Amino acid sequence: MTDELKLVSLGPLLIDDLPGAAIELIKKSKGLTVWLLKGEMGAGKTTLAKSIVNQLGVKGVVTSPTFSIINQYGSEKDKIVFHLDLYRLKNESEAFDIGLEEYLNSGEICLIEWPERLEKLMPNQYFEVQIEPYDSLKRKIYYRRHE
């Protein structure tokens, strides 16, 4: 079953609003560990992912996985959070080479930027987050559960 796309807040969000939006998204994602973060280049997927990772209890520097493809973070709650950026992967073979299936099946939270690049490999159950620029400073953030 797939829910309809819902807004996180009533209006567009500023960057200072992201911690609250991240908390709300974490609540709405309950039971789903694979998060697909969608949005155009520069929409703010990585910035939102950093806020989500921080709200999950990760302390320290959270960086973009653009070049490393995968970053792994340990949280204060003894949980692991994987942050993946699939933009640079060219095909399914490269996804298998980095162990994408193991991450997706780990039971740990996986925040995946550019999931559209390898949509066929994504699980049937996931939490979708779409971020859209409203103007140069504000974003609209939508979410949907796929179960």
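Each value in this text was obtained by applying a stated rule to the coordinates, not by laboratory testing. None of these values were measured; they are calculated from a predicted model. Cβ atoms come from the backbone with ideal geometry, glycine included; neighbour counts cover every protein chain shown.
Data for the structure
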item	result
FRET efficiency, Arg144 to Tyr87 (Cβ-Cβ, R0 22 Å, nearest 0.05)	0.50
Kirkwood Rh in Å, taken over all unlike Cα pairs in the range 6-146	15.1
Per-residue Cβ neighbour rank within 10 angstrom, fewest leading, Trp114, Trp35	Trp114, Trp35
Ascending count of other beta-carbon atoms within 10 Å, so fewest first, for Asp17, Asp3	Asp3, Asp17
In nm, spacing of pseudo-spin labels at Asn124 and Glu76 (7 Å Cα→C-beta vector)	3.8
Nitroxide proxy distance, nm - points 7 Å out along Cα→Cβ at Tyr134 and Val61	3.2
The range 6-146 - share of DSSP beta bridges that are antiparallel (%, nearest 5)	55
